[in-house]
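Reviewing the structure listed below.
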Amino acid sequence: MRKIVLVDDHADIRRLIRITLGKAFEVFEAEDGASGLDLVRRQRPDLVVLDVMMPGGLDGIKVLDAIKADPALLHTRVIMVTARGQQQDYQLGMSLGADAYFIKPFSPLELVTRIHELLAGAECQ
Amino acid sequence: MIASLASARQFMSAAPPMPPAGDSSREPELNAQLFRYAEDLQQMLERQIELEADYKDLLKASIPLAESRNQLNGLIDRSPDMHIVTDSEGRVLRCNPATAMLGRTEEIIGSLLRHWLSPTHLEQYEALQRRALLAAPGEAEDGTLHELKLCPGAPPGTSLIVAVQALPVLHEGKISSVHWIMHDVTRQREAQFASQISSAVFRSAAEGVVITDINGSILSVNPSFCRITGYSASEAIGRKPGELLASGVHDEAFYAAFWQSLRETGNWQGEIYNRRKSGEVYPEWLTVSAVRNEDGAIESFIAVFADLSHIFDETQQRVAYLAHHDMLTTLPNRLLFHERLQEVLAQEDSADNGFTVILLDLDRFKQVNVAFGPHVGDGVLQEVARRLLATVHKVDTLARFGGNEFAIIASGMTGEADIGCFCAKLLGALRQPMAIDGRELFICSSLGCATYPAHGHDEGALLKSAAAAMYHAKTAGGNTYSLHDVRGAVDDGTLPMETELRRALERGQLRLEYQPQVATRNGALVGVEALLRWQHPHFGEVSPEQFIPVAEAAGLIGSIGEWVLHSACRQLAAWDDQGVSIASMGVNLSPRQLRDPAIVDKVRAALTASGIAAARLELEVTESEMLFQLDADRYKLAALRDLGVKIAIDDFGSGYSSLGRLLQLKIDRLKLDRCFVLELEPQGDTRAGAITAAILSLGEALGVELVVEGVETEAQFELLSRQGFQVIQGYLTGRPMSPAAVAQRFTEFAGRSEAGCVHG
């Protein structure tokens, strides 16, 4: 089963995304950047949904950077999620190699569609 | 289905993006995200509605085609049986006109056939459908008839019972659909059911039933006949009822009238005395009906009778109950009380152990009746009865003597301390506010006690003694009890606790502790509340809840209250001398104290003696203690306020909360009851949170300061200070403590804030 890691400090938002994804994926959750990165390195998921603004030393941008720099995680797709009004993050995130970018509040349907697209694309490669 | 989707849709589109609720900064984020979910859901619902509409259109279009191919259409259309074809999912593809007994064709086509099934027959239906769909092609058709219960669309609540055949329909060698043939058997089943019921009634009726032929010979009897008369069926059949049952009570004329009525009207009904096999004569209520054949000739008689003997017994019991109980409260009345008391006096052991008779009279009950009407008065009496019942012991007798007078026989209770405790419990139970007819009432009572054998050896002496004691309690102001003394002198409380309490003052057993009141802004000590403590050498630490009522009942509250006032003011002055400046001192004022005509002078004296500015003394009055004597209380509070002292309402929100009345009283502070704080949740979205916020704005509007009592956790403190409360009192910010501890607390805080200034 495809693995997805959710990194968001808001437990309810994680829960909503988990519900949206349904039972089609194996979903792991982390509530901050440091534990998120740790989880990604251990699970080597197919995809990470990553919140940009998080407490602690590692925000989403730093986690993204670390994932993209890790040769063991070449196949891992990253979808960034950021709060409205943080759109300058978009430029930064895309330049660091994010595969998709969503602004909160995002459409769960679109998120799921995008995840399927990204993972299907990965299969073709 | 569509309707529920539509209403869901309406709900979705009516829902605006949710406004940020609560205090958490993350609420708006979550709400916005939830709203996006709702929007997605709405899109999906709309798409589903479109799909369903498309599917229906498709089904309609396919019907004429199918019809033209079926040569049997004409026949099936005229069939009185329902013919229904369903697809492999059980959705109706076609149906014939006979299905009108189920619903309109356009309702049926496209619906799931299971929707028309009674829930009790769903399983059977599913099994039939499965079997039809799984039948091997060419397999002999299962011709078995099964019965199903259907629920037609209208009229609601009706049902159809049908004999059903489910036949597989082959299309290109595969089973594609099921042909249902349903034959209505509702009427047959109902008739069958009715006959089953009548036979069940015959067998199980509590009434005796006899069926005789035209000559009166018994053809059949039911089990109840045997039970009531004592004759078995074999003994009865072939005999005449008169031979078996005639009691000899009724004369010939009675039976003549009986037979005449039966022949002329076909009926007789009445009370009749019969005799059981045992010889016992009993009353029965008898109904005899003639059964006629199709030609109208009488064929047989059916007699149905109910044994009335036990009903007579019950009536007698009922009459006895009525004679011994008070109908309003269902408590024993004076008569039963009298009988019980006689029993107790006659029983040697209970007389040896002794007992106490307590008379209880509600204070100012007449005023309740006059002010609110007798129905409120009745409600009060019923509530009083309930509370007393919950308080007295099971073996005790609690009776209502009529009016507002109640009486108790407390078995085995003779010790003065026990009686005192019990009376305090009764008073306490009645003192709680009562909600009657939408009003909140405060009812007090007066109790008089007389103990056997000390205060009387017979009922008359005991009741007289208790009544005198009760009268004494009344004249002492009510809301108290008193115990009759054997010497005839009414003793208003030489109970141990009262005696000890009298001495407590002179022996220095009373002391005050002070509970800090703290500013939420910076934790500064802004005031204290003086709390009375009694350390007794034998009893140990006695709680104020225990001894204050005793002090009130014993008339000691005046002197104790005065001591508290003086001590508290002196303490404030002593702190001043030490450089410990405490802005205000709260002192509790009991209702008795408030009604003391000299109270204003006493307060003034305490202020003068200590040299404390009046504005620093805050008198705390509990709001629940003022139902009656409203004007007098108001006048007294105003007079105290004229002295310059502050008035606080204690335990606000716990009792008789008339905001209108609070507006009439000139007050300076409201002390919020701890019940609000106990309900506070850290999320800040509970009712209690809303109430505290509302009280806060009320306080601001009235220009009244608010103090929150009973704050115990950081979360409560956090929420209350966020809501804007300025002053907190509770275990979190300090338990009641000694004067020295208060001084230390003050010094520490002063030191900290000075240090803060230096570094800041």
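The values are calculated or read from the model by the stated rules, or taken from the named source; none is laboratory data. From a predicted model like this one, the values you see are computed outputs, not experimental measurements. Quick reminder, even Gly has a Cβ in these numbers, built from the backbone with ideal geometry, and neighbours come from all protein chains shown. For the accessible areas, the whole protein counts, side chains as well, though only heavy atoms, and no ligand, DNA or RNA atoms are used. Shrake-Rupley method; radii C 1.70, N 1.55, O 1.52, S 1.80 Å.
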Shape call for chain A from the C-alpha gyration tensor, a ≥ b ≥ c root eigenvalues: rounded (a/c under 1.5), prolate (a/b greater than b/c) or oblate? rounded
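Working with all protein chains in place, sort B:Ser482, B:Ser610 by solvent-accessible area computed with a 1.4 Å probe, largest first.
Final ranking, largest accessible area leading: B:Ser610, B:Ser482.
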Note: probe point = Cα of B:Val249 + 7 Å toward Cβ; backbone nitrogen < 14 Å; residues of the range B:307-329 passing the test are B:307-313
Pseudo-spin-label distance A:Ile19 to A:Arg2, built 7 Å along Cα→Cβ, given in nm, is 2.2 nm
Which of the peptides A:30-36, B:433-439 is most tightly packed, and how do the rest follow, going by the mean number of other Cβ atoms within 10 Å of each residue? A:30-36, B:433-439
Identify the residues of the range B:721-739 with backbone N under 18 Å of a label point that sits 7 angstrom from the Cα of B:Ala693 along the Cα-to-Cβ direction, or state none. B:721-726
Candidates A:Leu64, A:Leu39, A:Leu92, ranked by Gaussian network fluctuation over chain A, Cα under 10 Å, top entry: A:Leu92
May I ask you to list the lysines whose Cα is less than 25 Å away from that of B:Lys277, ignoring any residue fewer than eight positions away on the same chain? B:Lys240
Whole-Hz Karplus ³J(HN,Hα) for the range B:28-37, in order, using 6.51 cos²θ - 1.76 cosθ + 1.60 and θ = phi - 60°, x for Gly and Pro? x, 4, 5, 4, 4, 5, 4, 5, 4, 4
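For chain A, calculate the relative contact order in percent as a whole number, restricting contacts to Cα pairs under 8 Å that are 6 or more residues apart.
In percent, rounded to a whole number, it is 22.
Rounded, prolate or oblate: which fits the protein assembly as shown, taking a ≥ b ≥ c as square roots of the Cα gyration tensor eigenvalues, rounded meaning a/c under 1.5, else prolate when a/b beats b/c? Write down the numbers at each step before the final one.
Values: a/c = 3.33, a/b = 1.13, b/c = 2.95.
Oblate.
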Normalised by the residues of the range B:205-312, what does the relative contact order come to in percent, with Cα pairs under 8 Å and at least six apart? 28 percent
Segment B:Ser581-B:Gln342, length gained on full extension (0.36 nm per residue, minus Cα span): 79.3 nm
Could you look at the range B:81-189 and say what percent of its accessible area is carbon and sulfur, using a 1.4 Å probe and all protein chains? 54 percent
Please compute the length gained on full extension between B:Gln535 and B:Arg239, using 0.36 nm multiplied by the number of residues separating them and subtracting their Cα-Cα distance. 97.5 nm
Cross-link list B:Lys394/B:Lys425; A:Lys3/A:Lys62; B:Lys366/B:Lys464: which exceed 25 angstrom alpha carbon to alpha carbon? none
Rounded to the nearest 0.05, what FRET efficiency do A:Gln43 and A:Asp12 have when you use their Cβ-Cβ distance and R0 = 22 Å? 0.45
With all protein chains modelled, accessible area of B:Thr265 [1.4 Å, Å²]: 90 Å²
If you take the beta carbon distance between B:Leu505 and B:Asp352 as r and set R0 to 35 Å, what does 1/(1 + (r/R0)^6) give as a FRET efficiency, to the nearest 0.05? 0.30
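Where a ≥ b ≥ c are the square roots of the eigenvalues of the C-alpha gyration tensor, would you call the range B:81-189 rounded, which needs a/c under 1.5, or, failing that, prolate if a/b is larger than b/c, or oblate?
Numbers: a/c = 1.95, a/b = 1.50, b/c = 1.30.
Verdict is prolate for the range B:81-189.
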Length released on extending from B:Arg189 to B:Asn215, taking residue separation times 0.36 nm less the Cα-Cα span: 5.9 nm
Other chains' Cβ within 10 Å of A:13-19 residues: what's the mean? 2
Between B:Ser118 and residues 5 or more places away or on another chain, the pairs with built amide H atoms under 5 Å apart involve B:Lys149, B:Leu150, B:Cys151
If R0 = 45 Å, then B:Phe312 and B:Arg263, at their Cβ-Cβ distance, give a FRET efficiency to the nearest 0.05 of 0.90
Once both label points are put 7 Å beyond Cα along the C-beta direction, the B:Ser176-B:Ala741 separation in nm becomes 9.0 nm
With an 8 Å Cα cut-off and a minimum separation of 6 or more residues, compute the relative contact order for the range B:81-189 in percent. 29 percent
Nearest 20 debye, what's the magnitude of the dipole of the range B:144-303 about its Cα centre given +1 on Lys and Arg Cβ and -1 on Asp and Glu Cβ? 480 debye
Rounded to the nearest 10 Å², the 1.4 Å probe accessible area of B:Trp285 is 110 Å²
Along the positive direction of the dipole of the protein assembly as shown (beta-carbon charges: Lys, Arg +1; Asp, Glu -1; about the Cα centre), which of B:Val92, B:Ala466, A:Gly56 reaches farthest? A:Gly56
